[in-house]
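Asks: Pasting in a structure now, in structure tokens, and then I'll have a few things to ask.
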Amino acid sequence: MIINNVMTPLQQAIIHNNASMVKLLVESGTQDVNEQSEAGTALHVLAIMPNIDPQIPELLIANGADVNSTGSLDGDTPLHTAAICNPFTSVIAALIKNGADVNIPNGAGYTALEYLGIRRDWKRLQQELAPYIQIPSSTVPWQGKNAGKKKQIEKFMRDRWEALDHFTKGYTYAQTGCYAESIKEYAKGLRHYPYKKRDSIGSIPASARVFFADIHNNIGASYAKMGQWRSALEEYEKVLFYLPSDPEALNNIGACYEKLGDMEKSITSRLEALIGNPDYAEARANLGNSYMLKKEFEAAIVEYTHAINIWQKNGRGYTYAYFQRAVCYNNLNMFREAIADYDLVKQYDFENKYIIAYQNQGSIYALQGDHARAIDDFSQVINKTKNNHEKAMAYNSRAISFAVSGNVRQAFEDFSMAIKLCPDYDEPVYNLEVLKRKYIGRMF
């Protein structure tokens with residue numbers, strides 16, 4: 001069955017190279033790996049994607065993906081598609097290793113082997129595939145075939161591969177933090193692609209739409225890394241032109257609106273993302289962020305809880321959602337629930353990304369009069385963080401708990417250390433003056 005959309009949720013996860021979402025969809029049984037969209041099956045989409053996570057083809061094939069299925073793309077098998085469209089050999093090798101037949105003709109009568117034989121990397125590919133199939137030592141003949149068609153395919157390959165060369169350079173620049181350079185390379189890739197953007201979306205083949213959407217998504221990500229949220233928003237909206245209702249694009253649009261201060265549009269975009277994929281944990285957590293920024297803490301807690309449950313099923317870390325939910329509980333004065341979540345954050349925060357959890361939990365204990373536990377949490381901040389401002393806050397908070405507990409000498413030392421670390425931090429200066437007036441004559 002071909003669905004009335006460019007992509008299925010599984011195919012959208014593949015486009016965004018999201019191995020964890022692919023795993024969740026195929027192992028939960030909510031997505032048929034052989035369901036067809038306008039772009040073919042999940043393996044057809046995989047076949048055109050560069051830099052794909054190697055887990056994804058393994059997940060698809062292990063869960064029943066048919067390596068010889070003929071999709072809606074002119075009767076092409078995934079191997080036809082990979083042979084003509086993908087300059088990377090890893091997907092081709094994965095398909096052949098798992099039984100893809102090189103001799104099945106497509107609707108035009110051409111086999112994948114004939115397409116493979118006119119690739120620029122054919123000689124190297126012969127060596128890679130030799131352990132799996134017998135490959136002719138000479139160039140694959142096209143006897144009796146349309147010579148003009150062969151030239152047309154060769155030109156398509158050259159144009160697409162030139163575009164993908166720029167894509168790969170852009171991807172490499174982005175991975176090394178050179179975002180302006182990555183945008184330039186992605187833009188060159190768009191100019192060199194065999195199909196150009198036209199007014200009518202129907203005139204662009206599904207495979208080209210996937211490529212255009214992927215590049216605009218990456219350009220948007222580079223703009224976002226540079227903090228240019230308006231430009232990022234424009235790129236993510238272009239993704240929706242090619243892939244309407246794409247959940248990741250909608251989630252990213254929500255992030256842009258959040259950074260631009262429009263919480264209503266941020267929430268709307270993230271809710272739309274969840275219509276297409278209710279188990280999209282990142283969108284759930286981000287929707288929670290939007291609600292939290294609007295101080296709608298109950299609604300935020302619901303979304304963070306959804307995200308935690310999804311991540312738990314998928315075996316992924318969910319420390320961030322626990323921390324954000326704890327902050328919401330804190331703001332609602334639900335201190336028991338906040339402490340429970342902060343404890344979980346401390347348990348799973350192996351990289352010390354959420355040291356502030358100790359500060360927040362210590363503040364709750366201090367508010368409840370449990371200064372021994374508060375002092376322990378503030379001490380953890382002091383020992384774990386390298387940030388002077390975080391240390392100063394912890395010293396100031398610990399000093400207050402020491403003063404209330406009667407350890408005035410240690411309180412003086414902590415206030416003084418806070419001031420030394422951050423001279424512009426006013427609170428310990430004020431607190432130290434108050435302490436001096438009260439105790440200076442009775443300390444020694």
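The values are calculated or read from the model by the stated rules, or taken from the named source; none is laboratory data. What you see is a predicted model, and the numbers here were worked out from it, not measured in a lab. With ideal geometry, Cβ positions are generated from the backbone for all residues, glycine too; neighbour counts draw on all protein chains shown.
Asks: Please tell me if TYR430 is among the aromatic types (Phe, Trp, Tyr), assigned by TED's automatic domain parsing to the domain that holds ASN330, free of Cβ contacts under 8 Å to residues at least 60 places away in the same chain and over 18 Å from ASN330 (Cα atoms).
Replies: Answer is yes for this residue.
Asks: If we scan the range 46-57, do we find a residue that is under 12 Å from PRO78 (Cα atoms), β-branched (Val, Ile, Thr) and at pLDDT 90 or above? Let's see the steps before the verdict.
Replies: The first filter runs over the range 46-57 and keeps only residues under 12 Å from PRO78 (Cα atoms), leaving 46-49, 57.
When the remaining residues are screened for being β-branched (Val, Ile, Thr), the result is 48.
Right, trim to at pLDDT 90 or above and you get none.
Checked the range 46-57: no residue is under 12 Å from PRO78 (Cα atoms), β-branched (Val, Ile, Thr) and at pLDDT 90 or above.
Asks: Show the residue pairs that are 6+ apart or on different chains and have beta-carbon atoms under 7 Å apart, the first residue being within the range 371-389 and on the phi < 0 side of the Ramachandran plot, the second being in a loop (DSSP other than H, G, I, E, B).
Replies: HIS371/SER405; VAL381/ILE355; LYS384/ASN352; LYS384/ILE355; THR385/ILE355; ASN388/CYS422; HIS389/CYS422
Asks: Still on this structure, please answer the following. How many residues are at pLDDT below 90 and among the polar types (S, T, N, Q) if we restrict to the range 68-80?
Replies: 2
Asks: Looking at this structure, is LEU129 buried (at least 20 other Cβ atoms within 10 Å of the Cβ) and without any contact (Cβ under 8 Å) to a residue 60 or more places away in the chain?
Replies: no
Asks: Testing ASN18 on (1) surrounded by fewer than 16 Cβ atoms within 10 Å (Cβ to Cβ); (2) at pLDDT below 90, one condition comes back false. Which one is that?
Replies: Against the list (1) surrounded by fewer than 16 Cβ atoms within 10 Å (Cβ to Cβ); (2) at pLDDT below 90, ASN18 comes up short only on (1).
Asks: Listed residues LYS225, LYS197; which is farther than 18 Å from ASN86 by Cα, at pLDDT below 90 and in contact with a Phe, Trp or Tyr (Cβ under 8 Å, 6 or more places away or on another chain)?
Replies: LYS197
Asks: Same structure, new question: Suppose the filter is surrounded by fewer than 17 Cβ atoms within 10 Å (Cβ to Cβ) and in contact (Cβ under 8 Å) with a residue 24 or more places away in the chain; does ASP165 pass it?
Replies: Judged against the criteria, ASP165 is a match.
Asks: Show the residue pairs that are 6+ apart or on different chains and have beta-carbon atoms under 6 Å apart, the first residue being within the range 111-125 and closer than 14 Å to CYS85 by Cβ, the second being modelled with pLDDT of 85 or more.
Replies: ALA112/LEU79; ALA112/HIS80; ALA112/ALA83; ALA112/VAL102; TYR115/ALA83; LEU116/ALA83
Asks: Same structure again: Can you say whether GLN347 is under 30 Å from the mean Cα position of the chain (by Cα), part of a helix (DSSP H, G or I) and buried (at least 22 other Cβ atoms within 10 Å of the Cβ), as far as the supplied structure shows?
Replies: Taking the combined requirement at face value, the residue does not satisfy it.
Asks: Does ALA366 satisfy the criteria of being surrounded by 22 or more Cβ atoms within 10 Å (Cβ to Cβ) and either assigned to a helix (DSSP H, G or I) or without any contact (Cβ under 8 Å) to a residue 60 or more places away in the chain (or both)?
Replies: Numbers: surrounded by 22 or more Cβ atoms within 10 Å (Cβ to Cβ): no; either assigned to a helix (DSSP H, G or I) or without any contact (Cβ under 8 Å) to a residue 60 or more places away in the chain (or both): yes.
No, not satisfied.
Asks: Just one of the numbered conditions (1) β-branched (Val, Ile, Thr); (2) touching a Phe, Trp or Tyr at 6+ places or on another chain (Cβ under 8 Å); (3) not assigned by TED's automatic domain parsing to the domain that holds LYS353 is not true of THR319; which one?
Replies: (3)
Asks: In the range 86-109, how many residues are at pLDDT 85 or above, in a loop (DSSP other than H, G, I, E, B), out of contact with any strand residue (DSSP E or B) (no Cβ under 7 Å at 6 or more places or on another chain) and surrounded by 14 or more Cβ atoms within 10 Å (Cβ to Cβ)?
Replies: 4
Asks: Would you mind finding the one in GLU235, GLU185, GLU264, GLU248 that is part of a helix (DSSP H, G or I), among the charged types (D, E, K, R), crowded, with 22+ Cβ neighbours inside 10 Å and more than 20 Å from the chain's Cα centre (by Cα)?
Replies: The conditions single out GLU185.
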